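A.B. asks: Structure provided below as structure tokens; questions to follow.
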Ligand code: FES
Ligand code: FES
């Protein structure tokens, strides 16, 4: 039979509608088979195991927080979307901008680049944890920002404030040039660096007077 004729015969025998029905039926069968062959015991065991591993207790801003964390979940995601601590910002999400900076055991870290599971037994501080919880008094860095008004859109501000907090805790006698280096892991898309450094110098001054 000529090729064109044979195609015509096939089209009549297997219409487009028949073909689509066949594909759907095959897919449904495969899905059902997968479900049945995996069996309830295997599924149950996997679910139980992963749930146990995913639950962990984090110390955040001085409080113990119990949270269900996915194996590949970053600290930034946990803070913002599980613990509702949205002061921590997500910019690049790949260790370039510093918007997500928090303190881990007092050291400034990019929370977008740490897996939450690595933080069992560690202490995390976010921008929400800087002010005095009892009196509402601002930290020296927060007060310095209020004094100097150092940001424009302020998207970068929480990250800078956390890096400044680590900086003045380490060295309240920091010079402007040292502050420039210490804060170089934080980027400001409004390029407000001069005023941000004014804040840093004011924060150091306040830290020396405490
Ligand atoms: S969001 Fe983490 S470094 Fe940019
Ligand atoms: S003030 Fe806008 S990103 Fe820094």
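Nothing in this text is a laboratory measurement; each read-out follows from the coordinates by a stated rule. Small disclaimer: the values here were computed from a predicted structure and weren't measured. Positions of Cβ are backbone-derived with ideal geometry, glycine not excepted, and every protein chain shown enters the neighbour counts.
A.B. asks: Of the residues that make up the range 78-87, is at least one assigned to a loop (DSSP other than H, G, I, E, B) and more than 24 Å from residue 55 (Cα to Cα)?
C.D. replies: Checking the range 78-87: not a single residue is assigned to a loop (DSSP other than H, G, I, E, B) and more than 24 Å from residue 55 (Cα to Cα).
A.B. asks: Within the group 184, 163, which residue is at negative phi, touching a strand residue (DSSP E or B) at 6+ places or on another chain (Cβ under 7 Å) and within 16 Å of ligand 2 (Cβ to nearest atom)?
C.D. replies: Going through 184, 163 in turn, just one is at negative phi, touching a strand residue (DSSP E or B) at 6+ places or on another chain (Cβ under 7 Å) and within 16 Å of ligand 2 (Cβ to nearest atom): 163.
A.B. asks: For residue 121, all conditions in the list (1) within 16 Å of ligand 2 (Cβ to nearest atom); (2) out of contact with any strand residue (DSSP E or B) (no Cβ under 7 Å at 6 or more places or on another chain) hold save one; what is the number of the exception?
C.D. replies: (1)
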